[in-house]
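Read the structure below first, then the notes.
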Amino acid sequence: MTVSLLFCRRMLLVCAGLFVTVALVVALGVIPPIKAATFPGATPESAVPAFWVIIGLSLLAAVTLVFIATWSKGRSWISTSVLVVLGLVVLLFGIALTDAALAYLPAGPSMKTASILLFFCSAADFLAGALVVTTAFLRPKET
């Protein structure tokens, strides 16, 4: 089963938008409370750099998706491979964000908002990763 190339391009651009949104939410809504964390066992000096890595890689994934969506003329083995690997990596980001959300959940009311935002970000990463992998195989063959 294949779908139109225009639909696939739109799906990839929507996923790129989700990646950018996740990066912004983590940068603006998660990192500031984590930096100010004072509960026992808080380690913002190791958590914040990990979040910046996820932000950077999410933005890189978004740029890659925009590039593939705008320049690709259909499914080729290179673009399909890149999309599958990208989708699987983003699924790993979702797992990492879920782990962080679960770690900050019992840390008290000051970290509740950050934890909830991390759950939403992980859900967005899971959704976008699954859509990217699915779109990789549904795109029409290159003409």
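So the check is Cβ under 7 Å with 6+ separation or different chains; which pairs have a first residue in segment 65-80 that's without any contact (Cβ under 8 Å) to a residue 60 or more places away in the chain and surrounded by 14 or more Cβ atoms within 10 Å (Cβ to Cβ) and a second one that's assigned to a helix (DSSP H, G or I) and small (Gly, Ala, Ser)?
Final answer for the pair search is 66/16; 68/79; 80/136.
Given the criterion surrounded by fewer than 18 Cβ atoms within 10 Å (Cβ to Cβ) and in contact (Cβ under 8 Å) with a residue 24 or more places away in the chain, identify the matching residue among 94, 87, 108, 129. Even if it seems obvious, please write down each step before you answer.
Details: 94 fails: surrounded by fewer than 18 Cβ atoms within 10 Å (Cβ to Cβ); 87 fails: surrounded by fewer than 18 Cβ atoms within 10 Å (Cβ to Cβ); 129 fails: surrounded by fewer than 18 Cβ atoms within 10 Å (Cβ to Cβ).
On inspection, the qualifying residue turns out to be 108.
Based on what the data block shows, is residue 113 at pLDDT 95 or above and farther than 24 Å from residue 13 by Cβ? Reasoning before the result, please.
On the way: at pLDDT 95 or above: no; farther than 24 Å from residue 13 by Cβ: yes.
No; evaluated as a whole, the condition is false for this residue.
Exactly one condition in (1) under 26 Å from residue 27 (Cα atoms); (2) in contact (Cβ under 8 Å) with a residue 60 or more places away in the chain is not met by residue 141; state its number.
So the condition that residue 141 fails would be (1).
For segment 15-66, which residues satisfy the criterion of being in contact with a helix residue (DSSP H, G or I) (Cβ under 7 Å, 6 or more places away or on another chain) and aromatic (Phe, Trp, Tyr)?
Result: 19, 39, 51.
The values are calculated or read from the model by the stated rules, or taken from the named source; none is laboratory data. Here the structure is a predicted model, which is why all the values come from computation and not from measurement. When we count neighbours, we look across all protein chains shown, and the Cβ atoms used for this are built from the backbone with ideal geometry, even at glycine.
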